[in-house]
Every structure is written in C-alpha cells, then in structure tokens.
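Since the structure comes first, as structure tokens, the remarks are kept for the end.
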Amino acid sequence: MPPHERGRIGIIEDDLIVGGTLAHRLELEGYTPLWWCTGQEALEGLRTQRPDLVVCDILLPDMSGKDVFLRALPGLGSSPFLFVTAHAQVEDAVCLMKAGAVDYLEKPYALPDLLGRIARLIELQPRAAGDLGGSQAMRRVEMLLRRVADIDSSLLITGESGVGKEVAAKFVHQISTRAGEPFVAVNCGAIPNDLIESQLFGHEKGAFTSAQVRHHGYVERARNGILFLDEVGELPMLMQVKLLRLIQERTFTRVGGETAIKSGARIICATNTNLEAAVAEGRFRRDLYYRINVIPVVIPPLRDRTDDILPLAHDFLREFSEAFHRDVKGFTAEAEQALLDQPWPGNVRQLRNCVERAVALSQAPRIGVDALFPFEAIEPDAAPLPTLAEVRDRAERQHIRAVLADVDNRIEEAAKRLGVSRSTLFDKMRKLDIRSGG
C-alpha cells in the first residue's frame with residue numbers, strides 16, 4: 001500500500017529508536033509518518049503540515065507534550081492528538097482529553113496495540129477531499145474557510161489561475177452542513193453571452209424558438225447547496241444586474257417566465273482578475289462587487305508557498321499511479337529538487353499536469369527529472385548564488401535522501417551505506433530536515 005494512502009501520522013517522540021521504529025512500521029502499514037524529535041520542531045511542523053493524527057509523548061526534552069498540544073490547538077483544524085504517557089502522567093492525559101485530545105495510551109505498550117489504536121482513530125476522522133496544502137499560508141486559508149463554512153454570507157475567492165480556487169470552494173461545501181446538497185460549478189467566461197441567462201436561470205418552454213421544453217438552470221439545480229461562479233468578472237453587465245437581484249432577494253425568474261422562484265443556494269464567486277480595477281473602469285458593478293465580497297479569501301500562488309510543492313506532488317503521484325495502474329514509488333532526489341526550483345506560473349494546476357504526464361511516461365520505479373520535464377528546460381527562480389554551507393547542505397540532503405530511498409528507509413542500512421553511525425545519521429536528518437520516508 002503506497003505511503004499516504006491511509007493518512008499522515010505526526011510523531012512527536014525524542015527517543016530515536018522508538019520514533020524510528022514507529023515511523024518505519026507506519027510506512028509499512030501504508031501511512032506517511034511526519035516525525036519531530038522536540039516540541040519546538042513539532043510546533044513548526046504542525047504549522048506547515050496537516051497530519052490526520054498526531055501521536056505525542058508527554059515528556060519531551062524542551063517542553064511537555066501538553067504545552068505542544070495547547071500551543072498548537074488553535075491551528076490544528078482536524079488533526080487529533082493521541083498521547084503516549086507513563087503511569088505518573090495519566091492524570092495529565094485525562095485533563096488533555098477534556099481539552100480536546102482524542103485518547104491516550106499508557107506505557108509500556110505493545111506496538112500492535114498502538115497501531116490498532118491509530119487505525120481506529122483514523123477511521124473515525126472525517127477527511128475532507130481536496131488538498132488545500134499544508135503550508136502556513138494555506139493553513140491560514142483553511143482556518144478561515146472552516147470559520148465561515150456554515151455562514152450564508154457571500155465568499156469571494158481570488159488568486160491566479162490554477163491556484164485552486166474551485167478546490168477551496170469544494171472544501172467549504174464538504175465541511176459545511178450543505179455537504180448533502182449539490183455543488184454546482186459554473187465558468188462564467190466559458191458561456192456565450194446570448195446563452196448565459198438561460199444557462200444560469202433556466203427557461204420556460206417556448207421562451208425562444210429552440211426552447212421546446214422547460215430547462216432548469218444552474219441556480220435551480222444548486223437547490224440548497226452551493227453555486228460556485230468562477231471567473232465572475234467575465235459576466236456581461238446585464239447578467240451582473242440579475243446576479244445582484246439573486247443575491248439580494250434570493251429569488252430569480254426563468255427566461256420567459258413570470259413567477260419568482262426562491263433560491264436557497266449559497267453563492268461563492270471566484271476570479272483571477274482585479275475586480276476593484278474593473279469597477280474603476282466601469283466594467284463591473286460597484287454594488288455587486290460589495291455584495292459578493294462580503295468574505296474575501298485570497299489563495300496565494302504556489303511560488304509563495306513552496307512548502308506545498310512536494311506534498312502536493314506526492315498526492316498527485318499517488319492519484320495517477322492508482323488511475324494508471326502503475327507501481328511508482330516516488331521521485332528521485334534530483335526530481336524533488338527540480339520540482340522545488342520551478343517557478344510554477346500555472347500554479348497547482350500546472351504541477352498536477354506535470355505529475356500526471358510523468359506518471360504516464362515514466363518506466364522507472366521512481367520518477368526522474370527527464371520524466372517530469374521532457375519537453376522544456378528547467379527554469380529555476382533567479383536567486384543569489386548560494387553560500388558554501390548551503391551548497392554542502394543541499395548536496396548532503398540529496399545524497400542522504402537518495403540512499404534512504406535506495407534502502408527503503410531502513411535507517412541501519414542507510415547508516416552503513418553512508419559510513420556513519422545511526423546517531424550521526426539521525427543528527428544529520430534533523431539538521432537537514434529530512435523525514436523518514438520523505
């Protein structure tokens with residue numbers, strides 16, 4: 001079973017043997033482990049990663065697991081904590097459960113018992129489809145979307161083409177009480193002007209020459225769900241007036257009809273254009289802009305959240321490996337660095353297409369640079385020349401990752417290959433931010 005198929009498991013454990021053993025077993029069970037050895041590392045990691053479950057020791061070298069949990073709690077979202085505790089800390093664990101932790105396991109424990117507990121807790125956790133990304137910027141976006149998921153006010157999602165505006169809208173739908181109702185997406189820029197009113201609001205039989213039957217438009221089909229209007233800035237002025245009426249009065253009329261129909265749909269709009277500039281130029285109604293921009297959500301471009309690149313790439317790799325029935329294990333270290341070096345002007349959509357093409361073309365168990373970028377030159381961002389320390393760290397990071405991948409992340413075997421002790425390898429991995437399996 002490929003890593004990440006069953007979920008991401010955060011491990012906060014300072015004991016190298018215990019943490020390494022658990023990380024290795026979790027990989028074998030089909031999880032993706034995210035291992036942090038100190039409380040501070042965990043706090044930093046939890047801000048940029050999105051584990052589906054966190055296994056945390058209460059006693060850590062720099063702070064208690066209780067401190068980690070309470071400090072991370074406001075931004076955890078749906079990441080539950082399972083505490084591992086000695087008998088003397090059971091009372092603390094019970095208090096943490098009252099504060100929001102999901103469970104605790106008392107030491108000493110058998111590894112199969114812990115794995116069984118993890119499996120049961122993962123199965124109980126609702127995991128919303130659609131990956132927003134684990135970077136700090138996208139964690140802030142996710143927190144905002146969670147706060148407003150069940151508010152009926154209009155959302156305006158802005159950002160460059162391909163950043164994932166529709167994914168964000170679907171995320172709101174999936175975590176809201178409207179999840180059982182339809183999600184209807186409309187690309188306002190893809191419908192001809194002479195058809196857009198009929199497509200949005202429907203028409204009655206006989207409304208025009210080719211209207212031989214009544215047609216239910218997108219607004220009506222959304223019922224009490226979510227109507228997502230992408231590229232809303234492309235709406236012609238007449239349709240902007242009708243959309244304003246829909247938002248203000250919650251009613252609409254089919255083309256050729258006379259009866260006002262009630263709409264219970266929540267409206268989420270999106271655009272990659274500057275609507276304020278469009279208002280100033282007279283291309284977009286000011287009153288409509290204020291009505292759709294009640295809750296603004298800005299999705300940053302992928303180049304400004306590079307922490308999302310590799311997690312998203314691995315998600316897409318898993319998706320297309322399953323779709324194409326390919327046994328692709330991951331990327332080479334050089335390919336991962338090439339992914340990080342790309343400016344990604346097409347954002348997440350471009351990254352997804354790139355990985356899809358690579359999975360389709362690759363004949364190797366791990367995808368290399370040639371499979372990722374067979375038709376274009378790699379275009380790294382312009383940046384100052386690195387220091388010697390940066391060059392050394394990058395080379396060591398790539399080499400250690402390559403060796404770990406070659407020995408299926410067996411720490412002892414990797415240490416032998418590298419000619420160092422286990423403890424030295426773990427120190428290097430911590431310094432260079434190399435996680436077992438990633």
Can you tell me the relative contact order of region 136-300? Whole percent, Cα pairs under 8 Å, sequence separation 6 or more. 34 percent
Nearest-0.05 FRET efficiency for ILE151 and GLN40 at R0 = 41 Å, using Cβ-Cβ distance, is 0.70
How big is the dipole moment of region 176-251 about its Cα centre under a simple scheme where the beta carbon of each Lys and Arg is +1, that of each Asp and Glu is -1, and everything else is neutral? Debye, nearest 20, please. 320 debye
Return the FRET efficiency for the residue pair ARG326, ARG357: r is the Cβ-Cβ distance, R0 is 22 Å, and the value is rounded to the nearest 0.05. 0.95
Net charge dipole size for the chain [Lys, Arg +1 and Asp, Glu -1 on Cβ; Debye, nearest 20]: 1020 debye
Among CYS95, LEU317, LEU156 the positive-end extreme of the charge dipole of the chain (Cβ point charges): LEU156
Extending each Cα 7 Å along its Cβ direction at ALA402 and MET63, get the distance between those two points in nm, one decimal. 3.8 nm
Assuming R0 = 51 Å, what is the FRET efficiency of ASP427 and ASN187, from their Cβ-Cβ distance, to the nearest 0.05? 0.50
Using the basic label-point model (7 angstrom from Cα toward the beta carbon), what is the ARG250 to GLU276 distance in nanometres? 3.1 nm
Backbone N within region 45-64 under 20 Å of label point (7 Å from GLU91 Cα along the Cβ vector): 58-60, 64
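Take the cross-link list LYS66/LYS170; LYS66/LYS428; LYS66/LYS165; LYS66/LYS431 and give me the ones stretching past 31 Å between alpha-carbons.
Beyond 31 Å between Cα atoms: LYS66/LYS170; LYS66/LYS165.
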Taking the Cα-to-Cβ direction at ASP14 and at ARG303 and moving 7 Å from each Cα, how far apart do the two end points lie in nm? 4.2 nm
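Charges at C-beta only: +1 for Lys and Arg, -1 for Asp and Glu. How large is the resulting dipole of region 241-329 about its Cα centre, in Debye rounded to 20?
480 debye
Report the antiparallel proportion of the DSSP beta bridges in the chain as a percent, rounded to a multiple of 5.
Close to 10 percent.
Since every read-out is calculated from the coordinates, none of them should be taken as a lab result. Remember, predicted model here, so these are calculated numbers, not experimental data. Reconstructed Cβ throughout: ideal geometry from the backbone, glycine too, with neighbour counts over all protein chains shown.
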